[in-house]
1. Just for the stretch 50-85: of the residues that are part of a loop (DSSP other than H, G, I, E, B) and in contact with a Phe, Trp or Tyr (Cβ under 7 Å, 6 or more places away or on another chain), which one is surrounded by the fewest Cβ atoms within 10 Å (Cβ to Cβ)?
2. Under the condition of being part of a helix (DSSP H, G or I) and among the acidic types (Asp, Glu), which residue from the stretch 86-125 is nearest to ALA23 (Cα to Cα)?
3. Among the residues of the stretch 175-218, what is the count of those that are of a type in the set (A, V, I, L, M, F, W, C) and either part of a strand (DSSP E or B) or not assigned by TED's automatic domain parsing to the domain that holds LEU25 (or both)?
4. Here's a check for you: in the stretch 272-289, which residue that is within 19 Å of the chain's Cα centre (by Cα) and not polar (S, T, N, Q) is nearest to GLY236 (Cα to Cα)?
5. Given (1) outside the structural domain of TRP38 (by TED's automatic domain parsing); (2) closer than 25 Å to ALA23 by Cβ; (3) in contact (Cβ under 8 Å) with a residue 24 or more places away in the chain, where does LEU244 come up short, assuming only one miss?
6. Please go through (1) under 18 Å from the mean Cα position of the chain (by Cα); (2) part of a helix (DSSP H, G or I); (3) more than 28 Å from LYS63 (Cα to Cα) for LYS128 and return the number of the only condition it doesn't satisfy.
7. Could you tell me which of the residues VAL259, VAL252 is assigned to a helix (DSSP H, G or I), β-branched (Val, Ile, Thr) and farther than 26 Å from TYR191 by Cα?
8. Of all residues in the stretch 275-292 being free of Cβ contacts under 8 Å to residues at least 40 places away in the same chain, of a type outside the set (Lys, Arg) and in a helix (DSSP H, G or I), which is nearest to PHE323 (Cα to Cα)?
Amino acid sequence: MHKPLIRPIQLGQKLFESNLIQAPLAGVSCAPFREMIWQFGGLAYCATEMVSAKTLLLRRPPKRYLYKGQNEGPLCFQLSGDNPDELRRAVDIALANGADVIDLNCGCPMPKVRHKNCGSKLLSNSHKLYQLVSALRKATDKPLSIKIRVDGDSGDQCNTDVVKAINDGGADFLIVHGRHWTDDYETSVRYDEIAKIVEASNIPVIGNGDVKDYPSLQKLMATGCVGAMIGRGSVGRPWLFAELQAADQGRVFTSPTAVQVGEIFLAHISKLIALENESRALLQGRQFSKYYARAAKLNADVCHKFYQVKSLDELRALISDNFRMS
């Protein structure tokens, strides 16, 4: 008998309906994107884009980091920082803006983040990491997670110390991306290292990396993780979680038609315009066009047309002309 991979999960004091999670994605994971995901459901929660504690502590932090849409389910605020007091105060702001889960980013590979001793730089300082986790734990009783990366071929050999610091600091669960911070996305996920972290941790471990269909979900879950976080796989495919759930239950999932994909694309950009402004939203829409085009099985050449769009009306016309029934 098939044992379901997708099931409810207890994280801290909260029971979630699914053990699948939408990952934080820079430049992507604001409310309009998350609302598209929730339209189809099938997940525990979505995460915000990574936001630094310092940014949240500004007098007027950017709206895209704080706004939670009316149609969203549980929301995780992913924070970045290296100062316990700043993180504590940032948690208060996150909670005031609807946070259901708090996460500390210890995986970002960007030089501008590492130079501030944040992101993946924290993996080389388990003492500091313990201080930060402890401060976050004292700041909230909401589910608290820490997102890390594996050692890879780096010779860092810090996985064990990092896992201990996170466990001892009081986190409720751990999320591990199966690549080292120096790896690009062409590097294979290191499932063996995820499995070692699962073995070393006393708290639940969520795996992250390359889940785009049911076979890849099975491969990740074979590491012993209790759940999976999905990042790039759902961009342009907000129905992915529902599709995985159907596969896990042995049901046939009917993917949206090209016309429906176009409607989802248009709704996504329209919500972005409402959140920010038209020119900024259309600029962001360029990066999404290739994902929606791929999901609709359109020729990749069509994307260059979307790079020239200057108004929502132009976008609507282009979508109507290209996202059609074949």
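The values are calculated or read from the model by the stated rules, or taken from the named source; none is laboratory data. Values in this document were obtained by computation on a predicted structure and should not be read as measured data. Positions of Cβ are generated from backbone atoms using ideal geometry, with glycine treated the same way; all protein chains shown enter the neighbour counts.
1. The initial filter retains those residues of the stretch 50-85 that are part of a loop (DSSP other than H, G, I, E, B), namely 50, 57-62, 67-74, 81-83.
Keeping just the survivors that are in contact with a Phe, Trp or Tyr (Cβ under 7 Å, 6 or more places away or on another chain) gives 71-74.
Working: ASN71: 12, GLU72: 17, GLY73: 18, PRO74: 19.
My answer is ASN71.
2. Step one: list which residues in the stretch 86-125 are part of a helix (DSSP H, G or I), which gives 86-96, 111-114, 119-124.
Adding the requirement that they be among the acidic types (Asp, Glu) leaves 86, 92.
On the way: GLU86: 23, ASP92: 22 Å.
Result: ASP92.
3. Looking only at the stretch 175-218, we keep the residues that are of a type in the set (A, V, I, L, M, F, W, C), and these are 175-176, 181, 189, 194-195, 197-198, 200, 203, 205-206, 211, 217.
Still in the list and also either part of a strand (DSSP E or B) or not assigned by TED's automatic domain parsing to the domain that holds LEU25 (or both): 175-176, 205-206.
Residues meeting the conditions: 4.
4. From the stretch 272-289, those within 19 Å of the chain's Cα centre (by Cα) are 272, 284-285, 287-288; that's our starting set.
Subset that is not polar (S, T, N, Q): 272, 285, 288.
Working: LEU272: 15, GLY285: 11, PHE288: 7 Å.
Only one residue tops the list, namely PHE288.
5. (1)
6. Going through the list (1) under 18 Å from the mean Cα position of the chain (by Cα); (2) part of a helix (DSSP H, G or I); (3) more than 28 Å from LYS63 (Cα to Cα), LYS128 breaks only (1).
7. Values: VAL252 fails: assigned to a helix (DSSP H, G or I).
None of the other options fit; the residue is VAL259.
8. Initially, the stretch 275-292 is screened for residues free of Cβ contacts under 8 Å to residues at least 40 places away in the same chain, giving 277-283, 285-286, 289.
Those still in the list that are of a type outside the set (Lys, Arg) too: 277-279, 281-283, 285, 289.
This time we only want the ones that are in a helix (DSSP H, G or I), so: 278-279, 281-283, 285, 289.
Working: GLU278: 21, SER279: 22, ALA281: 20, LEU282: 18, LEU283: 20, GLY285: 15, SER289: 11 Å.
Here the residue is SER289.
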